[in-house]
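So the structure is just underneath, and the comments pick up after that.
The values are calculated or read from the model by the stated rules, or taken from the named source; none is laboratory data. This is a predicted model, so every value here is computed, not measured. No Cβ is skipped: glycine too gets one built from the backbone with ideal geometry, and neighbour counts run over all protein chains shown. These area figures cover heavy atoms from the full protein model, side chains too; ligands, DNA and RNA do not enter into them. Shrake-Rupley method; radii C 1.70, N 1.55, O 1.52, S 1.80 Å.
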Amino acid sequence: MSTQNSNIPSSAGNSGKAPGEAVGIAILGHGTVGREVLRLMEEHRDALEHRIGGPIEVRGVAVSDKEKHRGSVPEELLTDDAMTLIQRDDIDLVVEVIGGIDYPRRLLLTALQAGKSVVTANKALVAAHADELAEAADRANVDLYFEAAVAAAIPVVGMLRRSLAGDQIELVSGIVNGTTNFILDAMDSTGASYDDMLKEAMALGYAEADPTADVEGHDAASKAAILASLAFHTRVNYDDVYCEGISHITAEDIAAAKAAGQTIKLLAICQRISDESGQEYVSARVHPTLISRDHPLASVDKSYNAVFVEAEAAGRLMFYGNGAGGDPTASAVLGDIVGAARNKVHGGRAPGENTYANLPVADFGQVPTRYHIDMEVVDKVGVLAELATFFAERGISLRTVRQEERGGHARLIVVTHTALEADLAQCVERLKESTSVKAVKSVLRLYSE
Ligand code: HSE
């Protein structure tokens with residue numbers, strides 16, 4: 001039973017509903033995901049009511065162009081005025097599937113301030129503005145859910161928020177972008193070039209017309225920020241994530257990886273690290289990574305996603321599935337709708353974000369990494385010794401050094417032990433300046449847990 005103050009709209013807060021009173025829902029956006037959410041809500045109306053413990057009712061669908069959606073949404077629900085819709089007294093829950101950052105940010109802050117719970121699939125928004133959204137949800141005592149923002153229906157947000165809430169997480173790493181995994185997997189299995197496989201990804205509809213956010217790692221970096229924040233109870237924003245994409249990966253890199261029993265994956269790696277004094281840091285990064293073909297992440301093919309977790313008590317876990325697309329994303333949104341609506345019906349809130357640990361985010365230069373450096377060098381006495389000093393001067397230990405003949409030059413492949421990223425990067429700059437090095441062909445980081 002509601003115990004609300006008469007000055008507060010009946011939809012405000014999560015203080016419970018009268019028996020049989022429906023939870024009013026506003027859906028912002030009617031694209032691939034929005035359409036599927038609406039369809040599934042209609043198709044499974046009775047089941048959802050049982051799971052929630054009360055009825056739900058879509059009371060408005062906001063779109064930018066009503067003409068485009070006329071006929072596919074009941075006329076009385078269709079509006080192009082999202083701001084008015086979300087503030088209506090008969091709306092309890094706002095579902096955002098529009099995308100973008102500034103406009104949905106204004107809408108969702110307004111909705112939260114008005115006491116509406118929010119479900120969003122918007123990774124870029126959550127990765128950039130989680131703090132103010134979470135604070136607004138806390139102040140209004142409502143829910144902020146975003147399972148669909150990371151890897152669609154693979155339940156990684158719920159896993160970190162609830163299932164592993166009692167454990168100490170050391171590492172969350174994963175393939176969280178399907179487009180780039182499709183491209184790298186296709187390059188690996190066919191030997192084709194990056195450009196050809198990008199074209200194929202676009203033709204198959206995996207990559208967007210402008211694939212930059214996928215191939216340059218920005219989409220994965222947003223997801224890494226969200227995962228790291230949840231795993232380490234520390235706010236990590238998109239700007240805190242080191243981000244390098246896959247557009248420089250060549251067929252030669254892939255072939256060399258294959259020959260060495262490895263493959264290249266675009267990984268998001270979120271890690272708890274400690275310096276020599278024992279100070280703990282959080283690191284979040286996205287970059288192409290050489291990984292042994294024996295590792296479970298290496299076998300994730302096509303456009304699939306997978307998230308690998310290491311926690312103190314739980315040990316190693318892996319979550320795998322479709323990380324994108326209308327149906328899987330709608331599944332995650334619906335799961336959140338059920339959770340948020342349940343709390344509107346019965347009162348109370350889901351576990352929110354907790355950033356109590358507030359660990360510093362490590363500067364990328366201070367993160368331990370390992371390099372695989374492939375270069376063409378002058379084939380004469382003393383070159384190997386000269387180049388080895390560049391590593392030694394920076395305290396970098398070499399794991400393997402392999403030399404091969406390549407068209408009149410010597411090809412030198414150096415794999416280092418773990419060292420600080422800044423020292424490794426400086427060493428590569430020094431190699432590039434040396435007259436003994438004709439070309440640094442590629443520099444890749446290796447996966448190490
Ligand atoms: N474009 C993303 C991908 C899906 O390729 O995985 C949405 O984040």
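Within region 127-137, work out how many residues are touching a strand residue (DSSP E or B) at 6+ places or on another chain (Cβ under 9 Å) and open to solvent by 10 Å² or more (accessible area, probe 1.4 Å).
Here the count works out to 1.
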Of everything in region 191-238, what is among the basic types (Lys, Arg) and touching a strand residue (DSSP E or B) at 6+ places or on another chain (Cβ under 8 Å)? Give them in sequence order. 223
Look through region 48-97, keep the residues that are out of contact with any helix residue (DSSP H, G or I) (no Cβ under 8 Å at 6 or more places or on another chain) and in a helix (DSSP H, G or I), and return whichever of them is surrounded by the most Cβ atoms within 10 Å (Cβ to Cβ). 85
All positions within region 273-304 that are more than 14 Å from the ligand (Cβ to nearest atom) and β-branched (Val, Ile, Thr): 273, 282, 289, 291
Could you look through region 392-407, keep only residues that are in contact (Cβ under 8 Å) with a residue 12 or more places away in the chain, in a loop (DSSP other than H, G, I, E, B) and of a type outside the set (Val, Ile, Thr), and pick out the one that is nearest to residue 259 (Cα to Cα)? 397
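Matching residues to (1) open to solvent by 60 Å² or more (accessible area, probe 1.4 Å); (2) hydrophobic (A, V, I, L, M, F, W, C); (3) within 23 Å of residue 338 (Cβ to Cβ):
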{"site": "17", "(1), (2), (3)": "no, no, yes"}
{"site": "38", "(1), (2), (3)": "no, yes, yes"}
{"site": "102", "(1), (2), (3)": "yes, no, no"}
{"site": "109", "(1), (2), (3)": "no, yes, no"}
{"site": "113", "(1), (2), (3)": "yes, no, no"}
{"site": "118", "(1), (2), (3)": "no, yes, yes"}
Do you know which residues across region 305-333 are more than 12 Å from residue 150 (Cα to Cα), open to solvent by 20 Å² or more (accessible area, probe 1.4 Å) and either more than 16 Å from the ligand (Cβ to nearest atom) or among the aliphatic types (A, V, I, L, M) (or both)? 310, 312, 313, 314, 315, 316, 317, 318
Considering only residues that are open to solvent by 20 Å² or more (accessible area, probe 1.4 Å) and in a helix (DSSP H, G or I), which ones fall in region 236-264? 238, 239, 240, 251, 252, 255, 256, 258, 259
For region 172-207, name all the residues that are within 13 Å of the ligand (Cβ to nearest atom) and free of Cβ contacts under 8 Å to residues at least 12 places away in the same chain. 202, 205
Residues of region 149-171 being open to solvent by less than 40 Å² (accessible area, probe 1.4 Å), assigned to a loop (DSSP other than H, G, I, E, B), away from the ligand (no atom under 14 Å from the Cβ) and among the hydrophobic types (A, V, I, L, M, F, W, C), which ones? 164
Please determine, by comparing only the residues of region 416-442 that are over 18 Å from residue 367 (Cβ atoms) and open to solvent by less than 40 Å² (accessible area, probe 1.4 Å), which one is farthest from the chain's Cα centre (by Cα). 436
Inspect all residues belonging to region 137-145 and state whether any of them is part of a helix (DSSP H, G or I) and within 13 Å of the ligand (Cβ to nearest atom). no
Pairs only if they're at least six apart or on different chains, beta carbon under 8 angstrom, first in region 150-163 and under 19 Å from residue 218 (Cα atoms), second of a type in the set (Lys, Arg) and within 11 Å of the ligand (Cβ to nearest atom); list them, first residue then second. 150/123; 150/223; 151/223
Here are the criteria: (1) open to solvent by 60 Å² or more (accessible area, probe 1.4 Å); (2) farther than 18 Å from residue 439 by Cβ; (3) at pLDDT below 95. Tell me which single one residue 382 does not satisfy. (1)
Does residue 120 satisfy the condition of being within 26 Å of residue 222 (Cα to Cα), modelled with pLDDT of 95 or more, among the polar types (S, T, N, Q) and within 16 Å of the ligand (Cβ to nearest atom)? yes
Can you tell me which residue within region 265-281, out of those that are assigned to a strand (DSSP E or B) and of a type in the set (Gly, Ala, Ser), is modelled with the highest pLDDT? 268
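Go over the candidates 151, 121 one by one and state the one that is touching a helix residue (DSSP H, G or I) at 6+ places or on another chain (Cβ under 8 Å) and over 19 Å from residue 271 (Cβ atoms).
121
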